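Asker: Just passing along the structure, written as structure tokens.
The values are calculated or read from the model by the stated rules, or taken from the named source; none is laboratory data. Since this is a predicted model, take the numbers as computed values, not measurements. Note that we place each Cβ from the backbone using ideal geometry, even for glycine, and neighbour counts take in every protein chain shown. With ligands, DNA and RNA removed, areas are computed over all heavy atoms of the protein, side chains included. Shrake-Rupley method; radii C 1.70, N 1.55, O 1.52, S 1.80 Å.
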Amino acid sequence: RKLRWAWRLGYISAIAGVAYLGYGVYLDRHPEPQVEPDPSKKTLVILGTGWGSVSLLKRLDTENYNVIVISPRNYFLFTPLLPSCTTGTIEHRSIMEPVRTILRQKKASVKFYEAEASSIDPERKVVRIFDNSEIRGDITETEVPYDMLVIGVGAENATFGIPGVREHSCFLKEIGDAQKIRKRIMDCVETAAFKDQPPEEIDRLMHMVVVGGGPTGVEFAGELQDFFQEDIKKLVPEISDRFRVTLIEALPSVLPSFSKQLIEYTESTFKEEKINIHTKTMVKKVTDKTVEAEVTGPDGKKETVVFPYGLLVWATGNAVRPVIKDLMSRIPAQKNSRRGLAVNEYLVVQGTRDIWALGDCAVAGYAPTAQVASQEGTFLARLFNNMAKTEALEEKIRELSSSLNLQPGNSAEISREIAQYERQLKRIKDVKPFQYSHQGSLAYIGSEKAVADVTWFNGNVAAAGSLTFLFWRSAYISMCFSTRNRLLVINDWLKSKVFGRDLSRE
Ligand code: FAD
Ligand code: NAI
């Protein structure tokens, strides 16, 4: 009988879960009417639709400001699963969330301009923007004034001015990059399989080189090897013994930000997977078919090595965007900052008023990660919500104080009310500076294995292997932006497991 009750309970919970999910989807599809922004309120301009800006938007009470969002990308991108899009394990639209959907969920409407900020004038308090999309109207460039500005434009790819990198390699930062890589992999495979292709040309075309042994390079190399082992090898057997993945890293090890045992685990797993790792190897030049690198031997001697390649993916980290460089050159206090906008503990850009920066374009003393950007966004939302409440309370106190003189008969009651507001004001004004809380680092390393450095009760736990892979998957599923994203990603995982990845070249 107990078992029957357990079944009934499970059944009811399942129905309740589905109903709850359905109701959430219904609400998303039929949002409440939005209020129009009040023109007397301050204009808050937010640049970017990445981790930092979207996390701010998610929690910002948009009734308090006239909010304008400006970004050349009209969607949020869940970057942790981007390497999986390069091989078709996940379809790119599954990790994109349209910014219009996000903004439609807000109480007060928010303006969005699909445009790039080309310059910021802190003196005149304006942002110059331009439309760089394919279709352009009569106006392609204009200025947007602001009272408060949040800069969350991220970073661009670092190339260190190495010749040939921009012309010949693929990056891995945006959806377009992942699509380009996916196309190139299949182009290399089909070209290698072309009639009478000479053996050395097949070797070159099937050699996939990844430069940069940080998490992006490592995750991509793992995904690529999976794609080959699970799909390409079966469907294009004639070239199967020629496929090679090489990972080149300038430092003595890959994943330098992970703990030593996880570095060793990754390197030994790559060895088993037949991914070649070349550490202490610094790329100096790239041509259309080769990578030239300087290898430092155990005796300290340097030697030049040439790697012919079919696909080259460049993943050597971040560089400052031109709009940020331009702003930094206008602010004397930013003179010594090299990696982005130096901010204080409240994320205010040093040397400015009413400008905040977050994420990869800001230098707050933390690594450029989604975790940091998203926590900074949450912090700013709380700060701005509090600032608006503070202003409203101060206004109320001012009004009540002036009515004290006009209604002396009610003075006791008014004083009580003022004291109550002052207490609230003190509580709200007491905002602590931003403090990052590190939850840990995760990385997929191929063949259904992952590594994790997780913070656990103030300590650090290092884990690796197949169970960590399941943890990696469940962590990223729970972090996906919406229920729609979650269902699409799960569906993609199932689809690629059951039917294999799609080898068609679009
Ligand atoms: P972004 O998310 O890059 O967003 C910047 C936004 O600004 C974009 O919308 C862009 O279109 C817009 N923009 C650009 N130029 C302009 C302009 N001139 N004017 C207006 N808008 C502009 N971090 C983790 O913590 N965990 C992970 O697993 C992880 N995986 C990653 C995997 C990959 C492949 C990559 C590339 C990064 C990964 N990261 C990860 C790092 C993480 O994605 C970044 O740290 C994070 O995206 C930074 O957020 P952001 O808001 O500063 O910038
Ligand atoms: P990165 O900066 O972490 O690593 C780049 C690597 O390239 C460095 O190890 C560097 O030594 C190497 N390099 C630079 N120039 C080189 C050259 N000429 N030749 C050979 N090697 C060279 O960059 P990545 O991986 O793009 O990550 C950027 C940020 O995003 C980091 O903060 C990272 O933590 C985060 N991220 C986190 C992920 C995760 O947690 N799973 C996944 C991807 C990125």
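Asker: Can you name the residue in the stretch 93-145 that is of a type in the set (G, A, S) and under 23 Å from L56 (Cα atoms) and is also nearest to the chain's Cα centre (by Cα) among such residues?
Answerer: S94
Asker: Applying the selection to the stretch 196-214, what residues are away from ligand 1 (no atom under 16 Å from the Cβ) and open to solvent by 10 Å² or more (accessible area, probe 1.4 Å)?
Answerer: If the condition is that a residue be away from ligand 1 (no atom under 16 Å from the Cβ) and open to solvent by 10 Å² or more (accessible area, probe 1.4 Å), then D196, Q197, P198, P199, E200, E201, I202, D203, R204, L205 are the ones that fit.
Asker: I need a count of the residues in the stretch 58-80 that are of a type in the set (A, V, I, L, M, F, W, C), more than 9 Å from ligand 1 (Cβ to nearest atom) and either surrounded by fewer than 22 Cβ atoms within 10 Å (Cβ to Cβ) or under 15 Å from the mean Cα position of the chain (by Cα) (or both).
Answerer: The qualifying residues number 1.
Asker: Quick check on the stretch 356-386: of everything there that is away from ligand 2 (no atom under 16 Å from the Cβ) and free of Cβ contacts under 8 Å to residues at least 60 places away in the same chain, which residue is farthest from N157 (Cα to Cα)?
Answerer: Of everything passing the filter in the stretch 356-386, N386 is farthest from N157 (Cα to Cα).
Asker: If we keep just the residues of the stretch 215-253 that are touching a Leu at 6+ places or on another chain (Cβ under 7 Å) and of a type outside the set (A, V, I, L, M), which is farthest from ligand 1 (Cβ to nearest atom)?
Answerer: Per the criteria, the residue is D231.
Asker: Moving on. Scan the stretch 137-172 residue by residue and report those that are within 16 Å of ligand 2 (Cβ to nearest atom), assigned to a loop (DSSP other than H, G, I, E, B) and either among the aromatic types (F, W, Y) or within 12 Å of T86 (Cβ to Cβ) (or both).
Answerer: Residues satisfying the conditions are F160, F171, L172.
Asker: Further question: Step by step: first the residues of the stretch 432-453, then only those that are farther than 30 Å from T87 by Cβ and open to solvent by 30 Å² or more (accessible area, probe 1.4 Å), then the one that is nearest to ligand 1 (Cβ to nearest atom). Which residue is that?
Answerer: So the residue we want is Y436.
Asker: Tell me, please, whether a residue that is more than 17 Å from T79 (Cα to Cα), open to solvent by 60 Å² or more (accessible area, probe 1.4 Å) and in a loop (DSSP other than H, G, I, E, B) can be found in the stretch 481-502.
Answerer: yes
Asker: Another one. Check F160, F228, F194, F220 and return the single one that is in contact with a helix residue (DSSP H, G or I) (Cβ under 7 Å, 6 or more places away or on another chain) and more than 30 Å from K41 (Cα to Cα).
Answerer: F220
Asker: From the list P83, P163, which one is closer than 30 Å to M186 by Cβ, in contact (Cβ under 8 Å) with a residue 60 or more places away in the chain, within 9 Å of ligand 1 (Cβ to nearest atom) and in contact with a Ser or Thr (Cβ under 9 Å, 6 or more places away or on another chain)?
Answerer: When all the criteria are applied, what remains is P83.
Asker: Shifting gears a bit: Here is a check on your reading of the model: is V489 under 23 Å from R93 (Cα atoms) and either touching a residue at least 12 places away in the same chain (Cβ under 8 Å) or among the polar types (S, T, N, Q) (or both)?
Answerer: yes
Asker: V372: outside any loop (DSSP other than H, G, I, E, B) and crowded, with 20+ Cβ neighbours inside 10 Å, yes or no?
Answerer: yes
Asker: For the list (1) more than 16 Å from ligand 2 (Cβ to nearest atom); (2) out of contact with any strand residue (DSSP E or B) (no Cβ under 6 Å at 6 or more places or on another chain); (3) not in a helix (DSSP H, G or I), I need the number of the one condition that A342 fails.
Answerer: All conditions pass for A342, except number (2).
Asker: Oh, and also: What number of residues in the stretch 292-323 are in contact with a Leu (Cβ under 7 Å, 6 or more places away or on another chain) and part of a loop (DSSP other than H, G, I, E, B)?
Answerer: Residues flagged as in contact with a Leu (Cβ under 7 Å, 6 or more places away or on another chain) and part of a loop (DSSP other than H, G, I, E, B) within the stretch 292-323 amount to 2.
Asker: In addition: Looking for whichever is in contact with a strand residue (DSSP E or B) (Cβ under 7 Å, 6 or more places away or on another chain), at negative phi and not assigned by TED's automatic domain parsing to the domain that holds L487 here; the options are K125, K58, K111, K106. Which one fits?
Answerer: K111
Asker: For the stretch 1-48, give me the residue count where each residue is of a type in the set (D, E, K, R) and within 23 Å of R59 (Cβ to Cβ).
Answerer: Within the stretch 1-48, residues that are of a type in the set (D, E, K, R) and within 23 Å of R59 (Cβ to Cβ) number 7.
Asker: Anything in the stretch 248-288 that is near ligand 2 (Cβ under 9 Å from one of its atoms) and either over 27 Å from F160 (Cα atoms) or surrounded by fewer than 16 Cβ atoms within 10 Å (Cβ to Cβ) (or both)? List them, or say none.
Answerer: L251, P256, S257, K284
Asker: Take I397 and tell me if it is touching a helix residue (DSSP H, G or I) at 6+ places or on another chain (Cβ under 6 Å), at pLDDT below 95 and either among the charged types (D, E, K, R) or outside the structural domain of L21 (by TED's automatic domain parsing) (or both).
Answerer: It is true that I397 is touching a helix residue (DSSP H, G or I) at 6+ places or on another chain (Cβ under 6 Å), at pLDDT below 95 and either among the charged types (D, E, K, R) or outside the structural domain of L21 (by TED's automatic domain parsing) (or both).
Asker: Condition (residue is surrounded by 10 or more Cβ atoms within 10 Å (Cβ to Cβ) and at positive phi) applied to the stretch 39-53: is it met by at least one residue?
Answerer: yes
Asker: Continuing with this model, one more query. Has the stretch 222-235 got at least one residue that is within 15 Å of ligand 2 (Cβ to nearest atom), under 23 Å from R166 (Cβ atoms) and among the small types (G, A, S)?
Answerer: no
Asker: Has the stretch 146-159 got at least one residue that is in the same structural domain as T369 (by TED's automatic domain parsing) and of a type in the set (F, W, Y)?
Answerer: yes
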